[in-house]
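The values are calculated or read from the model by the stated rules, or taken from the named source; none is laboratory data. Model, not experiment: these values are computed from the prediction. Cβ coordinates were reconstructed from backbone atoms using ideal geometry, including for glycine residues, and neighbour counts include every protein chain displayed.
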Amino acid sequence: MSGLKLSRIALGLAMFSSSALVQAAPISQTQLDTLGANLDVTYRVVDNVNASGCSESLGGGKCFDANITLAIDQDLPVSGWQLYFSHTTPIQSDSSELFDIQHINGDLHTITPTAQFSGFKAGQTYSIPLKGTFWHASASDQMPNYFVVADGLKPVIIDSTREVRDLNSQLTYNQHVAPLNQPQQYLRSKEDSLPLADAQWLYNYYQDVNSQATALESNRIIPAISHVELDGGQLNLKAGIAVTSTEVIAQALAYLGKKGIPQNKQGVPVTFIDDSNLVADAYELQVSQSNISIKAGSGSGRYYALISLAALADEGQVATGRYQDSPRYPFRGMHVDVSRNFHSKEMILRLLDQMASVKLNKLHFHLADDEGWRLEIPDLPELTEIGAYRCYDPSETRCLLPQLGNGPERDTSGNGFYTVADYQEILAYAKARHIEVIPSLDMPGHSRAATRAMLARYNKYMQQEKPDLANEYLLTDLQDTTVYSSVQFYHDNTINPCLPSSYRFVTKVLNEIYKMHSDAGMPLNRYHIGADETAGAWKESPACADIIAKHNMDDPEQLTAYFVEKVTKIVNAMGVTAGAWSDGLSHVEQEKLAPRIQANIWDALFWQGHNRAQDFANRGWDVVLSIPDALYFDFPYALDPLEPGYYWASRNTDSFKVFRFMPDNLPAHAEFWPNRMGTPFTAKDDTPLKADSAFIGMQGQLWSETVRDDKRAEYMIYPRLHALAERAWHKADWEVPYQAGREYGPATDYFNADNETQLRKDWAGFSHALVNRFLPDMAGEVLFRLPPPGAKIINGKLHANSLWQGLVIEYREKGSDWQPYQNPVAVKGQLEVRSRLPGMQRSSRIIQVN
């Protein structure tokens with residue numbers, strides 16, 4: 001029996017070493033290869049709801065029952081092997097006499113045969129019952145690429161645990177995960193009352209969402225234009241446009257060219273008028289029968305006017321009239337985590353293109369975390385030589401521990417980094433599209449990649465008898481005996497805030513990044529330090545004992561604030577605005593920070609997160625709403641075990657949910673959004689927003705723990721990105737104005753029937769523009785998600801609908817070919833349905849109709 005084992009770095013490495021294996025008859029490389037090719041592994045969630053005997057020290061006493069089964073079709077009487085696998089929460093215990101499960105670090109676990117195991121017997125199934133922490137209610141909670149190791153042999157991935165790609169949706173799935181089709185498998189606890197998004201539930205939901213899908217505005221684009229006055233005419237742009245100055249708008253002209261509107265001296269004349277009264281990004285677009293004039297107060301305003309012109313063009317025709325537009329927020333961002341799993345430079349460039357097309361202007365680039373450091377720092381090569389890779393290396397001198405199912409090899413899609421040239425190419429690409437890049441290297445928590453890389457650097461120079469170089473950038477107190485567990489279950493992932501070398505490291509990295517930005521022509525204006533989730537660290541650090549005594553601290557927890565204060569001063573001294581996540585900032589005394597700081601609010605609304613957002617805005621900070629209830633794009637689109645993503649705050653974040661987010665009135669969502677378990681809650685406005693306070697913007701978040709490749713990343717981002725852009729740029733008439741001190745909940749009715757009707761009319765226009773103006777251009781470039789149809793059988797006839805109007809719906813009876821659905825049709829037998837964009841072969845997920 002084994003439970004969670006947390007220890008010092010040295011003990012952790014000893015546990016990781018395969019020398020601790022049960023020694024029996026030696027296993028050969030051929031036999032290890034046979035295990036990889038033929039061992040059948042199945043992971044089955046048994047019960048999330050009724051599990052008992054849970055550890056009170058893990059998950060607050062919440063656990064689930066599951067089992068791992070092993071089987072092989074031949075006798076293999078070998079031992080001396082060990083099976084490594086990722087499990088996103090610690091396995092608390094197992095009840096097998098033949099195998100022992102141990103938690104190593106982060107999500108890494110091992111299965112080791114005990115002395116009672118005499119080898120595999122052909123056709124026999126070996127079951128390992130286990131208790132995991134919290135719950136596993138989604139197929140993506142399980143990780144692929146289990147691998148087997150033995151002393152002196154090359155590690156081998158178990159083939160049955162490799163991902164497979166669905167040819168219809170292009171999503172990857174873990175073939176070793178048994179279906180989660182019973183309520184106790186896809187629900188999390190007895191409190192979980194959220195409905196399964198099966199075909200019938202989707203049908204009813206879509207019917208409600210699209211209840212006002214009637215008259216549509218022909219000039220509707222994304223994001224919506226603030227004010228439009230049409231005069232009934234049309235201007236033909238097929239011959240192109242004639243622009244005299246292309247400064248700061250070259251990429252907008254290229255975008256028009258892709259829409260069939262080239263730059264042409266004989267084309268429709270376009271003139272620019274400077275107007276300093278217009279705010280940054282705002283514009284006025286005047287389209288007559290013979291020419292176009294654009295009034296703007298900034299280069300970005302000119303750019304966005306042309307982007308709107310491209311979106312308005314319908315087969316080369318644009319309605320004549322006046323279009324006045326200005327942004328709701330100056331900060332309209334998208335956060336992308338490339339540290340947990342690396343995403344290619346090409347995918348980031350495609351993202352920048354899509355962001356520009358809907359007027360998003362900030363890329364929050366999360367480049368370092370526990371699982372990877374993704375930016376080359378030439379003078380600190382260990383950061384990328386070791387910190388950018390995960391593989392099987394017990395010494396961690398060649399790579400980090402395997403995590404998140406990446407397997408034993410360095411050459412996998414989740415590994416990699418951006419060279420200085422790559423990063424500067426991204427910066428230049430963003431600048432041309434009026435997008436600011438905000439780099440983020442998480443500190444002092446979430447820093448395992450950095451701490452391990454600098455420990456390897458220390459060991460290298462100590463072996464060379466160069467102690468000054470060894471200690472120059474060391475991030476860990478080697479005398480620290482603290483035992484702790486981070487929120488992702490690491491016991492060695494924090495930068496020690498009490499070492500001078502930690503601040504030398506921060507300064508060195510910041511100077512290098514500052515130079516990269518300057519050389520690329522995009523000055524570093526904002527830098528995000530992270531500053532979240534460090535509870536429990538440094539309690540037994542001698543270096544920190546001195547700092548605690550010197551500064552009269554009551555608790556080691558205050559060291560996070562100490563670190564944040566010192567690092568923000570380093571950042572501010574460079575003329576750069578520092579950013580941090582809300583939990584780290586909540587421990588810092590305001591007067592110890594610069595007057596201006598970016599605060600990203602990730603507090604859930606059902607945890608009264610609006611109060612912290614409003615408190616920070618009242619302090620005069622740059623508050624960027626990063627609310628997980630609607631703005632975490634690594635969460636599932638719908639409650640279906642096959643929809644990938646983490647779901648700690650939401651299991652049903654589709655494009656409509658993002659669209660109906662009201663960022664200026666956070667507590668109002670308590671009227672129509674329950675908590676994460678489906679239970680209504682009341683929002684009490686305990687910290688009212690002052691009349692002269694406001695949020696500066698909002699951003700979507702893609703965290704990448706379950707996002708293993710570029711296609712999955714794009715599936716999770718699009719088209720939620722478009723709904724994000726809609727709300728960040730345009731304030732809708734149906735939104736309920738904020739009123740200080742007002743309480744909201746299921747019993748209040750401030751968002752009334754009129755608001756609901758106007759919301760659905762607006763949604764109809766948005767979804768029509770999405771399907772007809774935006775998705776066709778994206779079809780060959782990015783892998784956006786197509787929502788599966790809703791469907792139900794009424795009196796023997798199939799009725800089907802879609803979240804977005806204009807998608808093709810198809811159905812088939814078992815064993816038959818796909819048929820187009822147009823109207824209710826008589827059917828029999830087992831049915832499947834799917835949706836497609838007209839003219840595109842790829843489809844949505846196929847779902848069953850009961």
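Here are some notes:
- Flag: Val707 matches the condition of being in a loop (DSSP other than H, G, I, E, B) and either of a type in the set (A, V, I, L, M, F, W, C) or free of Cβ contacts under 8 Å to residues at least 24 places away in the same chain (or both).
- Residue list for segment 523-547, filter: part of a loop (DSSP other than H, G, I, E, B), within 30 Å of Ala432 (Cβ to Cβ) and in contact (Cβ under 8 Å) with a residue 12 or more places away in the chain: Leu524, Asn525
- The set of residues from segment 418-474 being in a loop (DSSP other than H, G, I, E, B) and among the charged types (D, E, K, R) comprises Arg433, Glu465, Lys466.
Residues checked against (1) surrounded by 21 or more Cβ atoms within 10 Å (Cβ to Cβ); (2) acidic (Asp, Glu); (3) part of a helix (DSSP H, G or I); (4) touching a Ser or Thr at 6+ places or on another chain (Cβ under 9 Å):
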| residue | (1), (2), (3), (4) |
| --- | --- |
| Thr568 | yes, no, yes, no |
| Ala578 | yes, no, no, yes |
| Pro595 | no, no, no, no |
| Phe606 | yes, no, yes, yes |
| Gln614 | yes, no, yes, yes |
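- Hits in segment 739-795 - residues which are farther than 26 Å from Asp198 by Cα, in a helix (DSSP H, G or I) and of a type in the set (S, T, N, Q): Asn755, Gln758, Asn772
- Residue in segment 113-124 that is within 33 Å of the chain's Cα centre (by Cα) and either crowded, with 23+ Cβ neighbours inside 10 Å or at positive phi (or both) present: no
- If you go through segment 712-761 and pick out every residue that is among the basic types (Lys, Arg) and within 26 Å of the chain's Cα centre (by Cα), you end up with 4.
- The test for being surrounded by 20 or more Cβ atoms within 10 Å (Cβ to Cβ), outside the structural domain of Phe635 (by TED's automatic domain parsing) and part of a loop (DSSP other than H, G, I, E, B) holds for Val78.
- Selection of segment 486-528 for residues being under 20 Å from Ala453 (Cα atoms), within 24 Å of the chain's Cα centre (by Cα) and among the polar types (S, T, N, Q) yields Ser486, Gln488, Asn493, Thr494.
- If you check Glu735, Glu781, Glu743, Glu810 for being of a type in the set (Asp, Glu), surrounded by fewer than 16 Cβ atoms within 10 Å (Cβ to Cβ) and at pLDDT 95 or above, only one passes: Glu743.
- Scan of segment 349-391 for residues that are outside any strand (DSSP E or B), closer than 16 Å to Tyr527 by Cβ and within 17 Å of the chain's Cα centre (by Cα), ordered by number: Arg374
- Among the residues of segment 482-515, those identified as at pLDDT 95 or above and aliphatic (A, V, I, L, M) are Ile495, Leu499, Val506, Val509, Leu510, Ile513.
- Identity of the residue in segment 482-519, of a type in the set (A, V, I, L, M) and not in a helix (DSSP H, G or I), that ends up nearest to Ala430 (Cα to Cα): Ile495
- The residue of segment 130-154 that is farthest from the chain's Cα centre (by Cα), among those that are of a type outside the set (Gly, Ala, Ser), outside any strand (DSSP E or B) and closer than 18 Å to Thr42 by Cβ, is Tyr146.
- Those residues of segment 30-62 which are among the hydroxyl-bearing types (Ser, Thr, Tyr), surrounded by 17 or more Cβ atoms within 10 Å (Cβ to Cβ) and modelled with pLDDT under 95, in sequence order: Ser55
- For first residues located in segment 418-442 and under 16 Å from Val338 (Cα atoms), partners that are in a helix (DSSP H, G or I) and of a type in the set (Asp, Glu) and lie 6+ apart or on another chain with Cβ distances below 6 Å do not occur.
- Residues that are among the hydrophobic types (A, V, I, L, M, F, W, C) and not in a loop (DSSP other than H, G, I, E, B) were ranked within segment 580-593; the one that is surrounded by the fewest Cβ atoms within 10 Å (Cβ to Cβ) is Trp581.
- Breaking point among (1) in a loop (DSSP other than H, G, I, E, B); (2) closer than 30 Å to Gly645 by Cβ, for His109: (1)
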